[in-house]
């Protein structure tokens, strides 16, 4: 994420400051092609955009009024007279004054071969030519001017103008819809002037010769009759959110010359009529698409395409089907079973119904009453069930709830009986297990294997999680039967593989009990597999809000000691982590208080690196020097530790804003607020520790361990409960705003493993497909956002202007650009580029005063949309303006 770009927010000018006010427009989006190509738009779709006047007539062959000085009817047309297909001779006026030689004694120019009307297929070569009579004027004294719809045509790399011995020609190698209209060639000498004209039609389809003839012969007045209009969209709905099962109706009303062909598309693919659940009804003035019962598979971007003989129009909307959440995935699992209690853990739903899950409803069944009853509602994915009776079998299931209702229940858990083991015995086992985990892990210096496949040494079982990097699977080592986690990372390019090798190299230097260990690695043609230590306790912050967890300052000290212990070791190896945040602090198990730090994809070595600067991280936890692109060092991690400590103590985030720009701005202000009532119950020692760690940023191995707050005896200190409600609200808010960072991946998805029983699972068919070919890229779905926004541009007339942005989101957003709220189609003048990394640009060549406008880019996918806006300010040269006005007066 480019933080500097995010901080520089664009402030569009007030509407009254605009040079020209746009009329109110119907919401109209021409859906562009996905990553790399603009969507096909009709000839008229772009003509509106390039119109110098904002209130131009709808017909793309209409004469466009000049922006600065509208021409009178006498200048723009023949006052209603029909224009025939041969020349419009301008020499008549000259005869009154110049017929007797008054203009200069010579003969006025005359066309002996005039322009002829022509229809050309889109993309083919267009050539217009006419011939003048021989003149007594000196060579080069004949001034030839070509115009299109009254606008002077200038030669360019696309348009070639020539005059060879009186043969005047205009050549366009590849004709586009924008080249359609009324062409005039005007010859002018000191003795007089003459002109001839023709009409050019550019069509996307091949026409028969008879139809071409009919079109050529058809009169083309400057103000076309009503029946010659291209389609105009009169009514089309905004984006729609429909509850699952309800009827969906998308109605488009339009006008234009019949016949109008209506085509409905979903994600740019035509919708086939005759489907059982989708019907389309069209007439001369409207078309309606109906879905009898909206379901999840109907979500997407719907486009209507209207086409007649005079042009094409498109409009699009996003349809979202919202519903109750799907059932929580897989089977709830019981662990830490005691005399009258147990801990139940489960997965979240595979689909949240289009709205974040607000809570989970637990249901219980026992072998005596033999009926399902509601037990409790909670916000996390685990719960400590109390007051269970011995000698009864219990089963559990879970339902997810969002704003649209409560979903169907998950699969039932395996039957479980409490009271078979005494609490004391169980506690001893838990302590023994924790002691085992505290023993020296199996440290290994990993060399990536290229001649062996992971499946040769490990059994690949169920999938534990999915992320942007790839997927995590449970692995069982064939030789020892030990359980590990396999992180399957997609790495197609040499750069991607080098990033993973760098992470493995750093982990080879980080052999410490508080840091997750890599014990093996395998490299294939398109992936690298990291075999990692299994951590099944879940994220630390999720553990804290469990119903059975008691949050006190004493517990915070225990966690901070472990975090500092791990970071201290990292720093002693000359390494900075650079991505310390809640997701990367994992609990070793579900009941103990031991943690480990994970994910070293952004870690960097400082030793021998000189001055190191980076521009990545997570906005809420990143240090100011990263945002400012200044040199980083060990205190950069200390800032992140300070943010984590602040949240653990108060349940409040010191810098989180409503969006990334606001968050980054808060970070750079570096203002820590301890005035909230949440800090009334926090000790002064804790505040002082935070001050030294985050604000003064003492290096961790120098003074942190010696601070009085951490040196307290946690067994004897007063255990005052801290509020968990603020923490719950913080976690819920953050889940809604999680934005992927440029990291190789994260291992926190292994938190989903919490409480999974030891029964051997097996990969699904989908999992096997992923493992075998790694072709299908799983990504976390999120609505579009801009990691870099477009900025105001100021250029001189005649030069080129460029707007750049970077777009994030999945499914991949479709992009449309607007000029003063009118959609832009890619042309020679407007060139749009959108690559697979999300970089999108609009280049405007040969800028004129008409291009001075507000430009907006909109990114849209099935989850939502995002926009950013900037202005193009064009400095028009005064001399050229006066020349243009003089030319208009002469006309």
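The values are calculated or read from the model by the stated rules, or taken from the named source; none is laboratory data. All values derive from a computational prediction rather than experimental measurement. Note that each Cβ is placed from the backbone with ideal geometry, even for glycine, and that neighbours are counted across all protein chains shown.
Here no strands (runs of 3 or more DSSP E) wholly within segment 478-575 include at least 2 residues being surrounded by fewer than 22 Cβ atoms within 10 Å (Cβ to Cβ) and touching a helix residue (DSSP H, G or I) at 6+ places or on another chain (Cβ under 6 Å). Does residue 304 satisfy the condition of being farther than 12 Å from residue 250 by Cα, assigned to a strand (DSSP E or B) and within 27 Å of the chain's Cα centre (by Cα)? Criteria not met by residue 304. The condition of being surrounded by fewer than 21 Cβ atoms within 10 Å (Cβ to Cβ) and in contact with a strand residue (DSSP E or B) (Cβ under 6 Å, 6 or more places away or on another chain) does not hold for residue 304.
Condition check ((1) in a loop (DSSP other than H, G, I, E, B); (2) closer than 29 Å to residue 592 by Cα; (3) in contact with a helix residue (DSSP H, G or I) (Cβ under 6 Å, 6 or more places away or on another chain); (4) free of Cβ contacts under 8 Å to residues at least 60 places away in the same chain) across all residues:
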residue: 313; (1), (2), (3), (4): no, no, no, no
residue: 318; (1), (2), (3), (4): no, no, no, no
residue: 321; (1), (2), (3), (4): no, no, yes, no
residue: 331; (1), (2), (3), (4): yes, yes, no, no
residue: 334; (1), (2), (3), (4): no, yes, no, no
residue: 343; (1), (2), (3), (4): no, yes, no, no
residue: 347; (1), (2), (3), (4): yes, yes, yes, no
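Scanning segment 595-613 for residues that are in contact with a helix residue (DSSP H, G or I) (Cβ under 6 Å, 6 or more places away or on another chain) and either assigned to a loop (DSSP other than H, G, I, E, B) or without any contact (Cβ under 8 Å) to a residue 12 or more places away in the chain (or both) returns 598, 599, 600, 601, 603.
Results for (1) surrounded by 19 or more Cβ atoms within 10 Å (Cβ to Cβ); (2) at pLDDT 80 or above; (3) in a loop (DSSP other than H, G, I, E, B), shown as yes or no for each residue.
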residue: 731; (1), (2), (3): yes, no, no
residue: 772; (1), (2), (3): no, no, no
residue: 778; (1), (2), (3): no, no, yes
residue: 787; (1), (2), (3): yes, yes, no
residue: 804; (1), (2), (3): no, yes, no
residue: 812; (1), (2), (3): no, yes, yes
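Being touching a helix residue (DSSP H, G or I) at 6+ places or on another chain (Cβ under 7 Å) and at pLDDT below 90 holds for only one residue in 155, 177, and it is 177.
The condition of being farther than 30 Å from residue 831 by Cα, buried (at least 16 other Cβ atoms within 10 Å of the Cβ), modelled with pLDDT under 85 and in contact with a strand residue (DSSP E or B) (Cβ under 8 Å, 6 or more places away or on another chain) holds for only one of 90, 166, 77, that being 90.
Residues are listed down the side, and each one gets a yes or a no for (1) at pLDDT 90 or above; (2) exposed (fewer than 14 other Cβ atoms within 10 Å of the Cβ); (3) in a loop (DSSP other than H, G, I, E, B):
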{"residue": "375", "(1), (2), (3)": "yes, no, no"}
{"residue": "383", "(1), (2), (3)": "no, no, no"}
{"residue": "391", "(1), (2), (3)": "no, yes, yes"}
{"residue": "395", "(1), (2), (3)": "yes, no, no"}
{"residue": "408", "(1), (2), (3)": "yes, yes, yes"}
{"residue": "426", "(1), (2), (3)": "no, no, no"}
{"residue": "429", "(1), (2), (3)": "no, yes, no"}
{"residue": "436", "(1), (2), (3)": "no, yes, no"}
{"residue": "442", "(1), (2), (3)": "no, yes, yes"}
